[in-house]
Amino acid sequence: MAMRTSTRERILDAADELFAVRGIAATPVDAVLERARVSSATLYRGFASKEALLAAVLERRHEEWLATWDAAVDDASDPEGRLLAVFDALDAFRDRPRGSRWCAFLGAAAEYADAPAEVARAVQADTDALRDRLARLAADAGVDDADAFAERLLLVVTGDLAMRLREPGRTTRTARAVAEALLAQARTLA
């Protein structure tokens with residue numbers, strides 16, 4: 001029997017919130033069951049394991065993140081603005097009703113020294129999407145060696161996300177300024 005969409009969303013909502021607040025390892029499946037108000041049979045009908053549930057949470061979060069980033073890119077008026085729109089998207093994503101203290105993908109990577117395959121795939125998909133999109137947007141902005149620039153910008157984005165643990169109210173203002181300086185430097189060297 002297939003799981004109802006509303007039940008699946010309730011389980012994903014519960015797991016997403018608990019994993020973000022308590023941590024993955026510190027959140028027992030029973031806490032997810034209680035928060036989602038479902039039985040273990042219902043949960044395991046849709047998710048083979050806690051790791052499969054985490055992967056589904058990450059996949060959903062990844063889709064929501066990409067949609068938020070796409071909207072920020074669409075709102076930008078020029079190629080440089082589209083490249084820097086990642087910072088607008090980060091702020092907008094955090095401010096959503098289901099935002100979080102920092103990055104769920106960094107959290108998953110930090111909690112697993114040797115991540116289960118489904119979790120590793122979800123984390124890698126997010127990293128690849130960040131890297132590929134930043135490289136494409138950098139190329140569109142006329143940056144020479146867009147791939148190398150994307151690697152530097154990926155480090156800035158990731159560092160900004162990690163700083164949110166140290167300073168919860170932090171905006172992307174500093175990260176954006178670093179990115180703008182990198183972009184100015186790349187243009188000077190071109």
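The values are calculated or read from the model by the stated rules, or taken from the named source; none is laboratory data. These numbers were taken from a predicted model, which means no experiment stands behind them. Using ideal geometry, Cβ is built from the backbone for each residue, glycine included, and neighbour counts are taken over all protein chains shown. For the accessible areas, the whole protein counts, side chains as well, though only heavy atoms, and no ligand, DNA or RNA atoms are used. Shrake-Rupley method; radii C 1.70, N 1.55, O 1.52, S 1.80 Å.
Some observations on this one:
- Taking segment 1-103 and the helices (runs of 4 or more DSSP H) fully enclosed by it, the elements with 3 or more residues that are of a type in the set (S, T, N, Q) and either open to solvent by less than 40 Å² (accessible area, probe 1.4 Å) or out of contact with any Leu (no Cβ under 8 Å at 6 or more places or on another chain) (or both) are at 5-22.
- Lone qualifier among Ala108, Ala67 - being under 15 Å from the mean Cα position of the chain (by Cα) and at pLDDT 95 or above: Ala67
- Of the criteria (1) under 13 Å from the mean Cα position of the chain (by Cα); (2) within 25 Å of Val21 (Cβ to Cβ); (3) modelled with pLDDT of 95 or more, which one Trp102 fails: (3)
- Enumeration of residues in segment 134-190 that are β-branched (Val, Ile, Thr), closer than 19 Å to Arg94 by Cβ and either in contact with a Leu (Cβ under 8 Å, 6 or more places away or on another chain) or surrounded by fewer than 13 Cβ atoms within 10 Å (Cβ to Cβ) (or both): Val156, Val157, Thr158, Thr172
- Residue tally, condition open to solvent by 30 Å² or more (accessible area, probe 1.4 Å), assigned to a helix (DSSP H, G or I) and in contact (Cβ under 8 Å) with a residue 40 or more places away in the chain, over segment 105-122: 4
- All positions within segment 138-147 that are outside any loop (DSSP other than H, G, I, E, B) and closer than 13 Å to Leu183 by Cβ: Ala138, Ala139, Asp140, Ala146
- Residue among Ala52, Ala56, Ala71, Ala25 that is among the hydrophobic types (A, V, I, L, M, F, W, C) and either more than 23 Å from Ala113 (Cβ to Cβ) or touching a Gly at 6+ places or on another chain (Cβ under 7 Å) (or both): Ala71
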